[in-house]
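A.B. asks: First the structure, then my questions, so here it is.
Coordinate-derived values only; no laboratory data. Quick caveat: nothing in here was measured; it's all calculated off a predicted structure. Here the Cβ positions follow ideal geometry from the backbone for every residue, glycine too, while neighbour counts run over all protein chains shown.
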Amino acid sequence: SFQNEINEVPFFDIRLPYELALKIFQYLGKTELGRCAQVSRTWKLLAEDEVLWYRLCQQEGYLLDMSISDHSCWKLALKNCHARERALKTNWKNRIGAVSQLQYELGKILCDVHSCDGVVIAGYTSGEVRLWDTRTWDYTAPILEPVHGPGDAGPQPRVSFVRINSSLAVAAYEDGTVSVWSLMFGREPIHHYQHNQRIQALALGSEGATVATASGFEVKVESPNDRGFWQTTETFEIQKLVNFLNLVPDVTGSPVTVAAADDIVYLLKAEDPGKILHSVYGQPVTCLDVSAHEAAFGVKTFGWLLNEPNQILLYNLETSQCLKKMGNSMGDFTCVNLQNSPPDMLVTGNKDRRVRVFDLRRSESLCSLYAHQLGVSAVQMDDWKIVSGGEEGLVCVWDQRMGTKLWEMHARHPVRHLWFNSHSLITANIPDDKTPRGASITDDDLTAHRKHRGIIYAYEFSVDQLAVESVLPICRSSYDEVTGYNYNIGLAVPYDNI
């Protein structure tokens, strides 16, 4: 008979109301619930109650946006989530999936790339800014329009930096202008402002609408007010040229910016405009990343202090205290990823060609991977894998616990951007030389030779995307492309079905 709140459930030598019995069962995990379901028919009904399995699903981080009424069997839903996760892991390890190139030939040479949740933004030497949404295969990328002033007949200034988050896209140009687009409305910029000199760094908040730019000795922070009108929120004057700029995520109230300028790291707040977080004369900062409460950066020492080689420093942003000094390396730390790493973890890349993973509760590295031939230029990790990009153009995927390389891909130029989530990976190889000799016949000829251009790859490892009916990028491409020959990428080609 169906148990409800009125009926009593036999609990050894006492009988409890269903509601109370359910409260006891909510402390059990999947395995214990499975064992309890084998005790008796009433216990099986109880152990398979939708409330328990819905709660377990939420606790494990699956289907968080769903309510309990959205599924008829939450036990099966959880089982399917686990199966999908296992399949994705297998696909990542064996490089099974689809790969597509995000190319835009008229843009000449790639200048900068950024991505957020599978949406990619790219800026080119032609001055054009382009978007791709890799979450849908058949998406045609819009080109974001620049601000056309009177007399803008000549060539556009080339793009210096691009950034994107879930709602905004931003581009900074060589002539010191900055354009901000909303991803919700059209291709025209919603905001535009100007610096007098070249822009050295651009930062966009991971959520919300705040843009920070550094030019000359000035850092500008722009965001919309309560009525949606954009304005300069803050302007900070500092003593040196900024190399790295980050906005602190999840800040309530006025935005907080961390700027590294040569050998000084500034914490720029409205109420404390010139606060210096770290400064050691003659020891420049080589990379920077910021999470909600901490900043991590690499510091280069110049050899006369042999007992103190190059290190990663971790600072608390609330107390401005140095929490940790990590890593003793002869090479410079070239990239650090704190924000996207698992809790209490940090991953770094170094000029000495190694990728190192640090546990922030201890100071020594958990693993050190000899990864690249020239030096590491980009790196990201999750709880089981590390993806690293090198100056020689190699992208490597590593199993973190085993310390072994799973696979690698190579393209001509240095890897300047990489981003991944559970089912996709985006990498960008960006040329250092933006004006190669012989790239075009005349300046207004828009084509550049393929080898000079730089390239963006989007990989999709998802089991859902690889259904038979989904048209893979290689099937849509002309047959003179060579993207599909890489071993063991499970690509279907048009002639296979003849």
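A.B. asks: Whose amide H sits under 5 Å from the amide H of CYS287, counting only residues 5 or more places off or on another chain, with H placed in the peptide plane?
C.D. replies: Those qualifying (amide H under 5 Å, at least 5 residues apart or on another chain) are GLY298.
A.B. asks: Need the C-alpha centroid separation for region 120-135 versus region 200-224, integer Å.
C.D. replies: Going from one Cα centre to the other spans 20 Å.
A.B. asks: Magnitude of the Cβ-charge dipole of region 97-466, K/R +1 and D/E -1, about the Cα centre, nearest 20 debye? Can you show the working numbers first?
C.D. replies: Working: 31 positive and 44 negative charges, 179 e Å.
Here the size comes out at about 860 debye.
A.B. asks: In Å, the Kirkwood hydrodynamic radius of region 97-466 over pairs of distinct alpha carbons?
C.D. replies: For region 97-466, the Kirkwood estimate is 21.3 Å.
A.B. asks: Which peptide among 415-424, 108-117 comes first, and what is the full order, when sorted by highest mean count of other Cβ atoms within 10 Å?
C.D. replies: 108-117, 415-424
A.B. asks: For SER279 and ASN421, FRET efficiency with R0 = 35 Å and r from the beta-carbon atoms, rounded to 0.05?
C.D. replies: Working: r = 37 Å, r/R0 = 1.04.
Step by step, r from the Cβ atoms, then E = 0.45.
A.B. asks: So, one more: Nearest 500 deg cm²/dmol is fine: what mean residue ellipticity at 222 nm does the chain get from its DSSP H runs of n ≥ 4 alone, each adding -39,500 (n - 2.57), divided by its residue count?
C.D. replies: -3500 deg cm²/dmol
A.B. asks: Right, here's the next one. Any idea which of GLY216, LEU288, GLY389 is furthest toward the positive side of the dipole for the chain, if Lys and Arg beta-carbons carry +1 and Asp and Glu beta-carbons -1?
C.D. replies: The one lying farthest along the dipole's positive direction is GLY389.
A.B. asks: Of ALA77, SER126, ALA172, which is farthest along the charge dipole of the chain in the positive direction, counting Lys and Arg as +1 and Asp and Glu as -1 at C-beta?
C.D. replies: ALA77
A.B. asks: With an 8 Å Cα cut-off and a minimum separation of 6 or more residues, compute the relative contact order for the chain in percent.
C.D. replies: Numbers: 1121 pairs, mean separation 53.2, N = 498.
Result for the chain is 11 percent.
A.B. asks: Sort largest first and round to whole Å: the equivalent ellipsoid semi-axes of region 1-81, each the square root of five times a Cα gyration tensor eigenvalue.
C.D. replies: Semi-axes from the Cα gyration tensor: 23, 13, 11 Å.
A.B. asks: Over 25 Å between Cα atoms, which of LYS44/LYS89; LYS240/LYS300; LYS324/LYS351 qualify?
C.D. replies: In this structure, LYS44/LYS89 exceed 25 Å between Cα atoms.
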